[in-house]
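Structure, as C-alpha cells:
The values are calculated or read from the model by the stated rules, or taken from the named source; none is laboratory data. Predicted model only: the values in this text are computed from it and were never measured. Cβ atoms come from the backbone with ideal geometry, glycine included; neighbour counts cover every protein chain shown. Surface accessibility is based on the protein's heavy atoms, side chains included, excluding ligands, DNA and RNA. Shrake-Rupley method; radii C 1.70, N 1.55, O 1.52, S 1.80 Å.
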Amino acid sequence: MNEDQKKRIRQQYVYLVNNLTDPRSSGLVEHLYQDGVIEERDRQIVESKPATKDAIKHLLDCVINSSHQGAFDCFLKLLKEYGQDYLANVLRQSDSSDGTGLCDVCPKDKKHPATSVCLDCNELMCSTCADYHRRTSVSKEHRLNELTTALTDKCQVHPSLYLKSYCPQCDVLVCERCMVDTHKGHADAWKDAITAAEDLKCKVNGIIDEIKDITLNKPSIEKEEQKRLADLDEQRQRAKQAIETRVDEVCQLAKVCAEKAKEEVDKAYLDIKLQLQNTNKIASLEKQLKAYENMVSDAPVSSVVKNHAEWETSLKEMLDTLSPTSPVPVLRFQTITWTETVIQQAMGVVVIGEITPTLITQHQLQCSKDPKEWPIAVDSMPGGDVVVGTGCKADKTKRRVIICSSTGDIKKEIKVTGLQGLTVLRDGTIAATVYDGSTQEVRIYTKDGVVKSSFKCTTPSRITVNHEGHLVVMDARVITFGNVMVYHTDGTQIRVFTDTSVKPVQYSKYITTTPSGDVIVSDPNDCCIRVYTPEGQLRYTYGGEDVMKDSHGVCVDEDGTIFISDLLANNIHQVSPAGQFMRYVLTTKDGLWGPQEVCINQEGHLVVAQQDGWIKTYKYK
C-alpha cells in the first residue's frame, strides 16, 4: 500500500468513529491479533486507550502499516463478518489506486469510478448504475449513500493536521488539536466534517426547495399580485377622494370663519365710527356756547371772579368733546403666524400601515399629596431602568431622584433639596441641577446616590446631555430671556447663547438636543419649541397658541423625530426633524393624561411621566 492510499484511508477515519462499534468490546482487536494483522504491543496500546475514537485511530494506523501480507484486506473481511459492510466499502473505495473506487456493476472492461454504495447490496456503483438501481422495482427501496470526497483541507494553526471536525458554535472546521485547544468546551455539539457538510447541505437545499416552491407557484402569485395592486390602486383613489372631501370641509370652515371675521370688522367699524362722528354733538353744543358768550360778556367783575373756574372747566369739557380723535384708530385684519401648520393639522396625514402606539409597561410613583409632589424630569438608564425627578413647590426638601425598573420596582431613592432637573450620562451616572437659595450647582451622582462631582452654575433649571457628552443647562431666571449654557462635565463652560421668549416668562423651560447636536427649547410661555444650531443660531420654531396649549417636556429619537408633550391638551406632538407636524402620537384615547415629561429609552420606546405620577412606556413605531 503506497502513501497516497494510506492518506486516503486515514481521511475516512471519521466514518469509523461514527459507525464502528468499539473494537475492544466487540472482539475485533483480539481477532486481528489472532490473525497476525497486529502485534501484541499494538493490541495492548489499543485496549489501553481511554476513548473509543483514540482506540479506532491507533488500530487503523496499525492495520495500514502492518507488515502482514494482505493486512488491510483481512481487516475489511473482518469488518464484514462483524456486520460493518458499509465501513468496509468506504475503506475499500479509499484503498483504490485512483482514490475513487470502481463500480461493481459495470462490465469489467468498461468500469466507471464509483460514486455511491448500496448498503443493501453491498456494492459500489457509478452514477449511471446508481440511477438505474433507484428506478428498478426490485431495488428502488434500497439505501444508497454517496461516497463523499475525501477531506483535503489542513489546519492553518496545525499545518500537519486535517480539518476533520466541525464546531457548530463557531461555525468552522477544526483539527484534532483545535478541538482540545481553542475550541475546548464546545465538544457537546461536535460533528465530523463530512456529516456536518451533509447536514448543512440539507439546510441549504431546504431553503432552495422553498424558493422552488415559490417559483412553481408563479401563476398564482402573479394573480394575487394583480389583486393586491388593484386593491392598492383603489386605496389610493379613496385616499385622494378623502383629501378632496377634506379640502371642501376645510374651505367651508374657512368661509364660516371668514363670515365671523367680517362681522367682527363691521362691529369694530361701528365702534370707531361713533368715536369719529361729532357733527350732531356740535349742533347741540352751539346753543350752550352762545349762552356762555353772552354770560361772559355781560357779567360784572365780581361775577367773573367768582365763576371763572367753573366756566373754564365746563368749556374745556366741551372742547375735548368737539376735538377730533388723534391719531385715528386703525382698522385692519391680521393673519396668524402659524397658518401652514394649522392647515396641515386640519387636513390630516397620510398613514401607511398601522402605527397605533402600544402600551408596554406602566406604574405609578408614590408621590406625596400634601404637600403636592409630581414628576418634573424623566430619563432612561443604559440597562433599561427609569430615572424620575420629582418636584414639590411647597417644600423643596421633598424633592428627590428615583431610580426604578421599567415595572416600577424602586432600586434607589436620592433626596435632593432644590432639584430642578436631571439627565443620565453615557456611563450611567446622573447629572442633576440644584437651585436652592445660595446653592446653585450641577451635581453628578452615581447610581448608588453618591455625589461623584459638582460645579457651580448660576440659576440652573432643566438639563440635558448632547451627542458630544457635554451638559446643556437652561437657566431658571423669570425674565423675558434665558441663557442656554454648555459645559464640560468638569464644569468648564464651553459656550452660552440666549433663548428669547415673546411673552413674559412665568414657567420654566424644558430642553433637549438632537443626534446632530441642535438644541431644542420647549417654552410653555409661548406654547412652542425653538430649535437652535449648536452655536445658538435659531433654525426654526414650531407651535404657538393656535397649535399647542401648553408645551412641556421634549425629546428626540435616533431618527431626529421630535416629541413634545402638550400638558393641557393631553396629547403628544410628533414633529419631523424639519419642524413639520406629523401626528398626535398619543392622546387621551391612548390613556394619556397630563403628560409632564418625555424621553426615549434604550429600546427606542417613548416613556411618558404624567402629572399624576404614572410612568408609561409606549411602542410608537
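Given H placed 1.01 Å from N in the peptide plane, which residues other than close sequence neighbours of Thr513 have an amide H under 5 Å from its amide H?
Correct list: Ile520.
Assigning unit charges at the beta carbon (Lys, Arg +1; Asp, Glu -1) and nothing else, what dipole magnitude in debye, to the nearest 20, does the stretch 196-301 show about its Cα centre?
Once rounded to the nearest 20, the dipole reads 360 debye.
Assuming 0.692 mPa s and 37 °C, estimate D for the stretch 196-301 with Stokes-Einstein, Rh taken as the Kirkwood radius over Cα pairs, in µm²/s.
Numbers: Rh = 23.7 Å.
Translational D for this selection: 139 µm²/s.
Explain nothing, just the number: dipole magnitude of the chain about its Cα centre with +1 on each Lys and Arg Cβ and -1 on each Asp and Glu Cβ, in debye rounded to the nearest 20. Before the final figure, lay out the partial values.
Values: 75 positive and 87 negative charges, 143 e Å.
With Lys and Arg at +1 and Asp and Glu at -1, about 680 debye.
Considering only Leu161, Met318, Ser508, whose Cα is most displaced toward the positive end of the charge dipole of the chain, charges sitting on Cβ of Lys, Arg (+1) and Asp, Glu (-1)?
Final value for the positive-end residue is Met318.
Which value does Rg/Rh take for the stretch 114-246 over its C-alpha atoms, Rh per Kirkwood? Don't skip to the end; give the middle numbers.
On the way: Rg = 26.4 Å, Rh = 20.3 Å.
Rounded to two decimals, Rg/Rh equals 1.30.
Would you mind getting me the FRET efficiency between Thr587 and Ala299? Use the beta-carbon distance for r and R0 = 56 Å, nearest 0.05.
Efficiency computed from Cβ-Cβ geometry: 0.10.
To the nearest 10 square angstrom, what accessible area does Glu264 show with a 1.4 Å probe?
130
So for the pair Thr335, Lys549, with labels modelled 7 Å out along Cα→Cβ, what separation do we get in nm?
2.8
Give the Cα extents of the stretch 472-619 along the principal axes, in whole Å, largest first.
Extents along the principal axes, in whole Å: 43, 34, 30.
If the chain between Lys184 and Ser220 were fully stretched, how many nm would it gain, using 0.36 nm times the residue separation less the Cα-Cα distance? All intermediate terms of the calculation are to be shown ahead of the outcome.
Working: separation 36, 0.36 × 36 = 12.96 nm, distance 5.15 nm.
Full extension of this stretch gives 7.8 nm more.
Which FRET efficiency value, to the nearest 0.05, do you get for Glu259 and Arg238 by plugging their Cβ-Cβ distance into 1/(1 + (r/R0)^6) with R0 = 25 Å?
Efficiency computed from Cβ-Cβ geometry: 0.20.
Please calculate how many Å² of accessible area the stretch 353-460 carries per residue, with a 1.4 Å probe and no DNA, RNA or ligand atoms counted.
With the other protein chains kept in place, the stretch 353-460 gives 49 Å² per residue.
Separation of the stretch 576-621 and the stretch 383-405 by C-alpha centroid, Å?
19
Grab the eigenvalues of the alpha-carbon gyration tensor for the chain, scale each by 5, take roots, and send me the semi-axes largest first in whole angstrom.
95, 35, 18
Can you give the Rg to Rh ratio of the stretch 434-503, both from alpha-carbon atoms, with Rh computed by the Kirkwood formula?
That ratio equals 0.99.
Quick one: compute the contact order of the stretch 390-476, relative version, from alpha carbon pairs under 8 angstrom and 6+ residues apart, as a percent.
Value for the stretch 390-476: 20 percent.
Kirkwood hydrodynamic radius (Cα pairs, Å) of the stretch 471-550?
Numbers: mean 1/r = 0.0776 Å⁻¹.
Here the Kirkwood hydrodynamic radius works out to 12.9 Å.
Put +1 on the Cβ of every Lys and Arg and -1 on every Asp and Glu Cβ in the stretch 196-301; which of Pro219, Ala239, Val204 then has its Cα farthest towards the positive end of the dipole?
Ala239
With the full set of protein chains in place, find how many percent of the accessible area of the chain is carbon and sulfur; take the probe as 1.4 Å.
So the carbon and sulfur contribution to the accessible surface is 51 percent.
Ignoring ligands, DNA and RNA, how do Leu592, Leu161 rank by accessible area with a 1.4 Å probe, largest first?
Putting Leu592, Leu161 in descending order of accessible area: Leu161, Leu592.
Rolling a 1.4 angstrom probe over the protein heavy atoms, how many square angstrom per residue are accessible across the stretch 196-301?
Using a 1.4 Å probe on heavy atoms only, each residue of the stretch 196-301 averages 86 Å².
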